[in-house]
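**Q** Sharing a structure here in structure tokens format.
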Amino acid sequence: MAYLSGKTAIVTGAAQGLGKAFAERLAAEGANVAICDILSDVLTVGVELVAKGHGVLARQFDITSRADCEALVADAAAKFGSVDILVNNAALWRSTPVTDPWEKALTDFDEMMDINVKAVMVMSRLVVPHMLRAGGGDIVNISTDYVLPLRRDGVNAADTDLYNASKWALNGLTDAAAQALAEDNVRVNALCMGPTDTAMLRALFMPGGKLAHLGTAEGPPPEVVAGFMDPADIARLMIDLFKDGRTGENIGVWAGFPIELGPRKRWDVRMRERADFTGQPLRNFGLPPWTDAPEPVWHLAVGQPSEA
Amino acid sequence: MGDFSGKVAIVTGSAVGLGRQYAISLAREGCDVVLCDIRSEVTQVADEVRRLGVRAEAHIADVSVAADVKRVVDSALANFGHIDIMVSNAGIWRGGGAKDSVDKSLEDYEALIGTNMKGIFMFGRAVIPHMIAQGGGDIINIATDHVHTHPGRPTAGGSGMDLYDVAKWGVLALTLTWAKALKDNNIRVNSFSMGATDSFMLRGFHNHAAPPEEVAKWMSPEKVCGLAIEMIKEGPTGRTGENIGVWVGFEIELKPIPAAKPAPVHA
């Protein structure tokens, strides 16, 4: 039996890039997948997965539509019997220089926050009752290494205040939900990736993109692409994350470094990474009042996972 | 007059508590103050500020409403000519968490993100072009110690304040990004992450019935605002892009400006 046999996973933004890789990997691990995207390609992804014999529910809709989100979650639960995994992957990137016209700034705020934050909240709220009923689950928020930079050179490019804000904002959902749901066997983590070979990143190198001078109409040159991470590797890491059982972590994944979970972070280390991003020297927080996170819960495991 | 003579500051949420104290502390330094709040008492605080010998104007405005933000900033520019200091202090509190209904969560989202993040975003974006044009300024965004905890405390306001924290993490990211974007424009952007301060919000959290022994533990708004004044006085070579933690039981002080950013720790 496959690791996720009988389980159901929802992946948003699954038409391409990371979302598609997540859906493919989850299906390959035996899960039924409910996928959605604003792009019609999500239906093609669904057809491909059905052809491979997987249980699939594919819907094309805008993630900011509450009614469509509700229908997706309800129909997935009805069709497959439960909702065990939610991957909040759908997101919007946009350049938003601080000198933008007022009206653009207002539109950008609403559009970016609605997709990158509000929809994550809505989807998460919708799946929690199903996970409580199923006795456990996993929620993964897709963030960015701007939130967990490898080098302390500050956040990313200066023209992305809203993208940054939307991804830092996810800390609030990851952190509080992990605590609120810890006793319910529901884990909430975030993957904070550096450059990954996705449509979002490639578009930056195409005409009209902010890195267009480095690319062509086809996108970034091969030597640049060679530095990107493979979405399939990130999807593999996500399965490792489920098997590991940790919760409340931002997992850093950086190009040029091993794509691995790394040791569990004691909460005082997490705190330093997230909270002390101040330009101040790291302080000595002393010994934490409680020690390492609890042992992994193999809630999703049918067999024992291979040693990571 | 004080060091800030001739400067103009906007302070949001300045009818009560910490915002009122910011207005008064700035006025004592000689700074003209533009106040705004959803509460009508803001006009009385403006009177109080004027008695300190500076100019002041009060607006009843909702920071989550774009037209209100524009009205306050436009009026400040029309009446005072420039804006040198922006203190985005207005904020609200609501509880909420992972097990809430979608209906409640959406209502909380609109309120918390609207006031605590969009309000700060809009005021920042409204004043930044003017600060660039005039050649400098200071922006101070008020966050929370949930995003910069004191030693021995994990991040987040526990499990039941997720959307409040969402907004405040967003504020931190705005601070960091704006600091980076404006580092060559003589504009410094910092945020303050305070623990329990004797503010209107915290008194409201305790239904305005906190026992005196509890209140006695809280930090004084005057001290916290004094720290912000001290930071603004650092001037053009001052710190920027910092999220300054101010906590009960710890020294209320500015750490030295770091010479270089330290290496990361990813344990």
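**Q** Over chain B, with a Gaussian network built from C-alpha contacts below 10 Å, which listed residue (B:116, B:185, B:89) shows the highest mean-square fluctuation?
**A** Result for chain B, Cα springs under 10 Å: B:185 fluctuates most.
**Q** Given contacts defined as C-alpha pairs under 8 Å and at least six residues apart, what's the relative contact order of chain B, whole-number percent? Before the final figure, lay out each step's value.
**A** Numbers: 503 pairs, mean separation 46.3, N = 267.
Relative contact order here is 17 percent.
**Q** Give the long-range amide H neighbours of residue A:186: residues separated by 5 or more places, or on another chain, with amide H under 5 Å away, using H modelled in the peptide plane at 1.01 Å from N.
**A** Under 5 Å from the amide H of residue A:186: A:137.
**Q** Rounded to the nearest 500, what is the protein assembly as shown's calculated 222 nm mean residue ellipticity when only DSSP H runs of at least 4 contribute -39500 (n - 2.57) each, over all residues?
**A** Numbers: 19 runs with 225 residues, N = 575.
Only helices count here, giving -12000 deg cm²/dmol.
**Q** Next question. If you take the C-alpha gyration tensor of chain B, multiply each eigenvalue by 5 and take the square root, what semi-axes do you get, largest first, in whole Å?
**A** Working: eigenvalues 140, 100, 76 Å².
Working through the eigenvalues yields semi-axes of 26, 22, 20 Å.
**Q** Averaged over peptide B:95-108, how many Cβ atoms belonging to another chain are found within 10 Å of each residue's Cβ?
**A** On the way: counts 0, 4, 7, 18, 8, 4, 3, 9, 2, 1, 6, 5, 0, 1.
Counting Cβ atoms of other protein chains within 10 Å of each residue's Cβ and averaging gives 5.
**Q** Same structure, new question: Would you please calculate the Kirkwood hydrodynamic radius of the protein assembly as shown over all C-alpha pairs and express it in Å, rounded to one decimal? Mind dumping the intermediate values first?
**A** Working: mean 1/r = 0.0409 Å⁻¹.
Result for the protein assembly as shown stands at 24.5 Å.
**Q** Can you sort A:211, A:173 so the residue with the fewest Cβ neighbours within 10 Å comes first? Don't skip to the answer; put the middle values down first.
**A** On the way: A:211 16, A:173 26.
Ordered by Cβ neighbours within 10 Å, fewest first: A:211, A:173.
**Q** Determine the gain in length on full extension of the stretch residue B:110-residue B:205; use 0.36 nm per residue of separation and subtract their C-alpha separation, reporting nm with one decimal. Intermediate results must be reported in sequence, preceding the final value.
**A** Details: separation 95, 0.36 × 95 = 34.20 nm, distance 1.96 nm.
Length gained, residue B:110 through residue B:205: 32.2 nm.
**Q** Can you give the FRET efficiency to the nearest 0.05 for residue A:102 and residue A:50, using r as the Cβ-Cβ distance and R₀ = 51 Å? All intermediate terms of the calculation are to be shown ahead of the outcome.
**A** On the way: r = 47 Å, r/R0 = 0.93.
Efficiency computed from Cβ-Cβ geometry: 0.60.
**Q** What's the exposure ranking of A:257, B:123, B:80, going from fewest to most Cβ atoms within 10 Å? Before the final figure, lay out each step's value.
**A** Details: A:257 13, B:123 25, B:80 20.
Ascending number of Cβ neighbours within 10 Å: A:257, B:80, B:123.
**Q** Pull out the extension gain between residue B:257 and residue B:70, defined as 0.36 nm times the separation in residues minus the alpha carbon to alpha carbon distance; nm, one decimal.
**A** Numbers: separation 187, 0.36 × 187 = 67.32 nm, distance 3.39 nm.
Extra length from residue B:257 to residue B:70 when fully extended: 63.9 nm.
**Q** Let me ask something else about it. If I model a spin label as a point 7 Å beyond the Cα along the Cα-Cβ vector, how far apart are those points for residue B:250 and residue B:101 in nm?
**A** Result for the modelled spin labels: 4.0 nm.
**Q** While we're on this one: For the stretch B:8-245: lysine pairs with Cα atoms under 23 Å, gap of 8 or more or different chains, count?
**A** Lysine pair count for the stretch B:8-245: 14.
**Q** What shape does the stretch A:65-175 take by its C-alpha gyration tensor, where a ≥ b ≥ c are the square roots of the eigenvalues and a/c under 1.5 counts as rounded, a/b above b/c as prolate, and the rest as oblate?
**A** Details: a/c = 3.61, a/b = 1.78, b/c = 2.03.
Here the stretch A:65-175 falls in the oblate category.
**Q** Mind sorting B:230, A:103 by how few other Cβ atoms lie within 10 Å of their own Cβ, fewest first? Write out the running numbers ahead of the final one.
**A** Details: B:230 12, A:103 9.
By the 10 Å Cβ count, ascending, the order reads A:103, B:230.
**Q** Ok, one more. Report the gain in length on full extension from residue A:78 to residue A:232: 0.36 nm times residue separation, minus Cα-Cα distance, nm rounded to one decimal.
**A** Working: separation 154, 0.36 × 154 = 55.44 nm, distance 2.89 nm.
This chain segment gains 52.5 nm when fully extended.
**Q** Pop a pseudo-label 7 angstrom from the Cα along the beta-carbon direction at both residue A:212 and residue A:184 and give the gap in nm to one decimal.
**A** Taking the two extended label points, one gets 4.7 nm.
**Q** Oh, and also: What distance in nm lies between label points placed 7 Å from Cα along the C-beta direction at residue A:95 and residue B:77?
**A** Roughly 2.4 nm, to one decimal.
**Q** Past the 19 angstrom mark, what percentage of all C-alpha to C-alpha distances in the stretch A:174-255 do you count? Write down the numbers at each step before the final one.
**A** On the way: 1679 of 3321 pairs.
Above the 19 Å cut-off, the stretch A:174-255 has 51 percent of its Cα pairs.
**Q** By its C-alpha gyration tensor, with a ≥ b ≥ c as the square roots of the eigenvalues, how is the stretch A:73-123 shaped: rounded for a/c under 1.5, else prolate for a/b larger than b/c, else oblate?
**A** Working: a/c = 5.19, a/b = 3.58, b/c = 1.45.
Judged from the Cα gyration tensor, the stretch A:73-123 comes out prolate (a/c at least 1.5, a/b above b/c).
**Q** Report the charge-dipole magnitude of the protein assembly as shown in Debye, nearest 20, computed about the Cα centre from +1 at each Lys and Arg Cβ and -1 at each Asp and Glu Cβ.
**A** Values: 54 positive and 70 negative charges, 106 e Å.
Dipole size: approximately 500 debye.
**Q** A further question on this structure: Take the alpha-carbon centre of the stretch A:66-104, take the same for the stretch B:1-75, and report the distance between them in whole Å.
**A** That distance is 39 Å.
Values in this text are rule-based calculations from the coordinates and carry no lab data. Because the structure is a prediction, the values reported are computed rather than measured. Quick reminder, even Gly has a Cβ in these numbers, built from the backbone with ideal geometry, and neighbours come from all protein chains shown.
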